[in-house]
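Asker: If you scroll down you'll find the structure; I have some questions about it.
The values are calculated or read from the model by the stated rules, or taken from the named source; none is laboratory data. Fair warning: this is a prediction, and the values are worked out from it, not measured in the lab. No Cβ is skipped: glycine too gets one built from the backbone with ideal geometry, and neighbour counts run over all protein chains shown. The area values use the complete protein model at the heavy-atom level, side chains included, leaving out ligands, DNA and RNA. Shrake-Rupley method; radii C 1.70, N 1.55, O 1.52, S 1.80 Å.
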Amino acid sequence: TEAFINCTTLTSITLPKGVTTIGQSTFAGCASLEKITWSEELTTIADSAFAGCHTLSEVNIGKSVTTIGNSAFELCENLQSVSLSKNLTTLGKNAFKGCSSLKTITLPDSLTVIPEGAFSSCTALTKATLGEKVTEIGADAFENCTSLKEIEIPATTKTLGLGAFKDC
């Protein structure tokens, strides 16, 4: 937890084999972070783990990751590309909120809930591909995604939260 918080000169991270969890706020505020090499055993990215990593432009989350915590990548303004694990089952509130350079997102079939604020204020987001098993889209999930042109809501979706697509 908070092991490297606000290390503003850190540009690259290689997580060694055996690392299964990145703790809360571990790399938050590492404003120069550009590259992450993931551990193959990584299963959990905790709350705010990479929040405010302004230089991070690409995230290819390992195939073993099942959980991304609340605000894990919030305010990573230069994040343009995200590849999510096909085994992802839990996405936290505001996970990618304010990632204003993110252009497209594809959510895996393993994810059933898109939580509150998950992609709020991703103002460059033009396309969101939702997994076929999504049952709920939370409040403000895609709020203020002002460039959103294409989204297909699967037939399995039963709940649209308040303001889920507000100001799109």
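Asker: Give me a count of the residues in the range 39-58 that are open to solvent by 40 Å² or more (accessible area, probe 1.4 Å) and aromatic (F, W, Y).
Answerer: 0
Asker: A further question follows. Working only within the range 97-147, note down all residues that are farther than 19 Å from T157 by Cβ and without any contact (Cβ under 8 Å) to a residue 24 or more places away in the chain.
Answerer: L102, T146
Asker: Please enumerate the residues belonging to the range 127-156 that are β-branched (V, I, T), surrounded by 15 or more Cβ atoms within 10 Å (Cβ to Cβ) and in contact with a Ser or Thr (Cβ under 6 Å, 6 or more places away or on another chain). Can you show your working first?
Answerer: Going through the range 127-156, the residues β-branched (V, I, T) turn out to be 129, 134-135, 137, 146, 151, 153, 156.
Still in the running and surrounded by 15 or more Cβ atoms within 10 Å (Cβ to Cβ): 134, 137, 151.
Hit for the range 127-156 is V134, nothing else.
Asker: Follow-up question, since we're still on this one. Filter the range 60-81 for residues that are at pLDDT 95 or above, of a type in the set (A, V, I, L, M) and touching a strand residue (DSSP E or B) at 6+ places or on another chain (Cβ under 7 Å); which is nearest to S25 (Cα to Cα)?
Answerer: Checking each candidate, the answer is A72.
Asker: Restricting to the range 68-105, name every residue that is of a type in the set (S, T, N, Q) and surrounded by fewer than 18 Cβ atoms within 10 Å (Cβ to Cβ). Steps first, answer last, please.
Answerer: The first filter runs over the range 68-105 and keeps only residues of a type in the set (S, T, N, Q), leaving 70-71, 78, 80-81, 83, 85, 87, 89-90, 94, 100-101, 104.
Scanning the range 68-105 gives N78, Q80, S81, S83, N87, T89, T90, S101, T104.
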